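Below is one structure, written out as structure tokens; comments come after it.
The values are calculated or read from the model by the stated rules, or taken from the named source; none is laboratory data. Owing to the predicted nature of the structure, the values given are computational and were not obtained by experimental measurement. Cβ placement follows ideal geometry from the backbone for every residue including glycine, while neighbour counts extend to all protein chains displayed.
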Amino acid sequence: MYKSLCLLYTFVKKSFQIISTTPRRNASSEISHDGLLITLHKQTWTPYPVPMNYYAIQIRTRWEDKYIKRFKALHPELTIPIYFPQRRLDIRRKGRILKTDAPVFPGYIFIEIDDEDSIINYHWDFRKTDGFFRFLRSNQDIRPLAGKDLEVVLHFIKKIGPIAGKSKVYFDKNSRIVVVDGPLIGLEGYIIKVDKRKGRAKIKLDLYEDSFAIDLAFEMIENSSI
């Protein structure tokens, strides 16, 4: 009898499980199991966005796009969001200016998984795709991004979008860079070098044990308050 009630409780818990919600009004229902009448008290909810987990996958450098395409071709039934944040720079070659896209985190892609799902359900699908190196922290210790790592990654994949373009900046009377708009907003503390002539700011990003020094483009605007 006790075992039957435990199984019933598990079923009911899953049936009424709601993630990231806010209560509105009470409701109740009754079910019968082995002649025992049980009254279930639940609430009607208005859902908020479901919290997600984000994982980093290290793959062969310069294979980021190729890996994502291969994975989707092998697993068309999976709808896991995969992110490959990039940045756009103007590169001068043979007297011409070309717009070139480059990775923000070379050799890394990021996946988004609902809290209800476990990375264990999918990790072999990623590991079997050609070009895979490892999950972070390791294939034996797969952990979602957290803290500063998560904050920086979400800045690019959620706030900025697939490609980080030019920021708008000006320089104050002390020659300090002031970001007005664009991907550099919120990253001022990561800037380690500024090249006014090329219109680039070099930032240093950390991801677990790796560090990345990358350039982000900017254009200068006039500041009437100077």
(request) Scan segment 98-127 residue by residue and report those that are surrounded by 12 or more Cβ atoms within 10 Å (Cβ to Cβ), assigned to a helix (DSSP H, G or I) and among the β-branched types (Val, Ile, Thr). (result) Ile119
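For residues that are under 16 Å from Leu154 (Cα atoms) and in contact (Cβ under 8 Å) with a residue 40 or more places away in the chain, tally how many sit in segment 81-102.
5
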(request) Go over the candidates Val153, Val179 one by one and state the one that is touching a Pro at 6+ places or on another chain (Cβ under 9 Å), in the same structural domain as Arg62 (by TED's automatic domain parsing), crowded, with 16+ Cβ neighbours inside 10 Å and more than 21 Å from Thr100 (Cβ to Cβ). (result) Val153
(request) Kindly establish whether Phe71 is in a helix (DSSP H, G or I), more than 16 Å from the chain's Cα centre (by Cα) and surrounded by 12 or more Cβ atoms within 10 Å (Cβ to Cβ). (result) yes
(message) Can you pull out every residue in segment 214-226 that is at pLDDT 90 or above and either more than 17 Å from Gly165 (Cα to Cα) or not in a strand (DSSP E or B) (or both)?
(response) Ile221
(message) Suppose we filter segment 130-150 for residues that are in a strand (DSSP E or B), loosely packed, with under 14 Cβ neighbours inside 10 Å and at pLDDT 95 or above; how many remain?
(response) 0
